[in-house]
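Step one of this worksheet: look at the structure below.
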Amino acid sequence: MITAAQMRAARALLGVDQKTLAELSGLSVPTIQRMEASTGNVRGVVDSLTKVIAALERAGIELIGEGMASTAQGRGVRLKSTFAKP
């Protein structure tokens with residue numbers, strides 16, 4: 001699973017826009033936009049989700065699930081708790 005926030009954060013860490021992520025994953029820009037507009041876990045076709053995750057991983061992103069430890073080396077960012085927006 002991947003959340004919309006994880007997708008946006010991954011793109012920010014890579015310094016790529018939605019168009020570039022679409023190209024890397026073989027999907028359309030509107031598909032990436034819909035995924036990133038999701039609330040919580042990204043909803044969509046399993047094949048599309050798999051393509052996005054694979055593209056992010058090929059680019060060097062490690063997706064860390066809730067309560068999971070990072071197994072790779074390198075720098076990263078992790079959200080410790082949800083931030084209450086004002």
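Annotation: amide H-H contacts under 5 Å for Thr3 (H modelled 1.01 Å from N, sequence separation of 5 or more, or interchain): Val42.
Across the protein chains, with a 1.4 Å probe defining accessible surface, the residues Val52, Val16 rank Val16, Val52 from largest area downward.
Tell me the trypsin sites (Lys or Arg not before Pro) within the stretch 1-58 that lie in a loop according to DSSP and have at most 15 other beta-carbon atoms within 10 Å. When the trypsin sites (Lys or Arg not before Pro) of the stretch 1-58 are filtered for loop state and at most 15 Cβ neighbours within 10 Å, Arg43 remain. For Ser38, the solvent-accessible surface computed with a 1.4 Å probe is close to 30 Å², ligands and nucleic acids excluded.
The values are calculated or read from the model by the stated rules, or taken from the named source; none is laboratory data. Just so you know, these numbers come straight off a predicted model, no measurement behind them. Every residue, glycine as well, gets a Cβ built from its backbone with ideal geometry; the counts of neighbours run over all protein chains shown. Each accessible area value is taken on the protein alone, full model and side chains, heavy atoms only, with ligands, DNA and RNA left out. Shrake-Rupley method; radii C 1.70, N 1.55, O 1.52, S 1.80 Å.
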